[in-house]
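K.L.:
Once you've had a glance at the structure underneath, I'll fire off some questions.
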Amino acid sequence: MVDIIEIIYLFILIVCSVAAVRMKDLLSSTVVLGAYSLVMAIIWMDLNAVDVAFTEASVGAGITTVLIIAALSRTTRGEYVPGIEERYKTRKARRLKNGALFIVTLCTFGVLVYGTMDMPNFGDPDAPARHHVADRYIEKSHEEVYVENFVTAILASYRGYDTLGETSVIFTAGVALMMLLRRSKS
Amino acid sequence: MMFGLAALAIVVAAIMVLYRGIKGPRVYDRLLAINSMGTKTVILIALIGYMYERPHFLDIALVYALINFIGTIAFLKYRETGRLD
């Protein structure tokens, strides 16, 4: 039953993204993108990735919507639409351009599908990615760093410098945004 | 089985709401549709939690309900004053 729901939701995902791209009103497009994020969160939930689903819902549906609306309030709400005459004049050129883009996209899709053919099956427990360093983390992390939870041990100890770098990047970005967006006294 | 049927009904409702969200002539229709889509997401997460026999998904569903209105508030503030700050 979960599989059926997942398939329907993947279909809804495609519909949402195509609708968001095709809309001329950028505000409506933003709102539909919020729905896209909610649907994506459900799919992550079905895959048992609760933390990713959480990030998707809070960043995708929450903060991104607010940021895009802030950008729209500073710029303009509508997309540039060419006039009737201009549209008629360039119809042939546009069709040519769209055809070329379609062929390029199709080629990229083919290459990507070809690339996935060598990969192990979905959820395969013997896949190399699950035995590279994971075994050591599972068996030795408790005696090496004395932390009960593997994920915490990996993030805060084995990859401690990586986490420190990520945190400082996010902190710098936050400080820079506060300096850019603060209201001037004038 | 019971939870599965309920989840399927929610999915059908989500599709109907999504139709209004994409077709909706005005941006307010879309906003309302997306808002009720968020509510359906909350219910669906709770149902999936019971289907996987992990009822603590209920807490996550509650936090989703808290996140759900942020976009709506930003949108309404933009429509009312024309700016966010």
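K.L.:
Yes or no: residue A:134 open to solvent by less than 90 Å² (accessible area, probe 1.4 Å) and closer than 22 Å to residue A:49 by Cα?
P.N.:
When the stated conditions are applied, residue A:134 passes them.
K.L.:
Can I ask one more? Are there helices (runs of 4 or more DSSP H) fully within chain B with at least 2 residues that are open to solvent by 40 Å² or more (accessible area, probe 1.4 Å) and over 24 Å from residue A:29 (Cβ atoms)? List them.
P.N.:
Those helices (runs of 4 or more DSSP H) span B:2-23, B:27-51, B:57-67.
K.L.:
Applying the selection to segment A:112-131, what residues are among the hydrophobic types (A, V, I, L, M, F, W, C) and open to solvent by 100 Å² or more (accessible area, probe 1.4 Å)?
P.N.:
A:112, A:117, A:119, A:122
K.L.:
While we're looking at this one, here's another question. So, of the residues in segment A:72-82 that are open to solvent by 50 Å² or more (accessible area, probe 1.4 Å) and not β-branched (Val, Ile, Thr), which turns out to be farthest from residue B:72 (Cα to Cα)?
P.N.:
Among those residues, the one meeting the criterion is A:80.
K.L.:
Give B:64, B:52, B:78 a once-over and let me know the one that is facing chain A (nearest Cβ under 8 Å), on the phi < 0 side of the Ramachandran plot and out of contact with any helix residue (DSSP H, G or I) (no Cβ under 7 Å at 6 or more places or on another chain).
P.N.:
Checking each option against the conditions leaves just B:52.
K.L.:
So, one more: Give segment A:28-65 a look and list any residue that's among the β-branched types (Val, Ile, Thr), more than 13 Å from the chain's Cα centre (by Cα) and crowded, with 18+ Cβ neighbours inside 10 Å, or say none.
P.N.:
A:30, A:31, A:32, A:42, A:65
The values are calculated or read from the model by the stated rules, or taken from the named source; none is laboratory data. Keep in mind that this is a model prediction, so the values were computed, not measured. Using ideal geometry, Cβ is built from the backbone for each residue, glycine included, and neighbour counts are taken over all protein chains shown. Side chains are part of the model used for accessible areas, which takes the heavy atoms of the whole protein and leaves out ligands, DNA and RNA. Shrake-Rupley method; radii C 1.70, N 1.55, O 1.52, S 1.80 Å.
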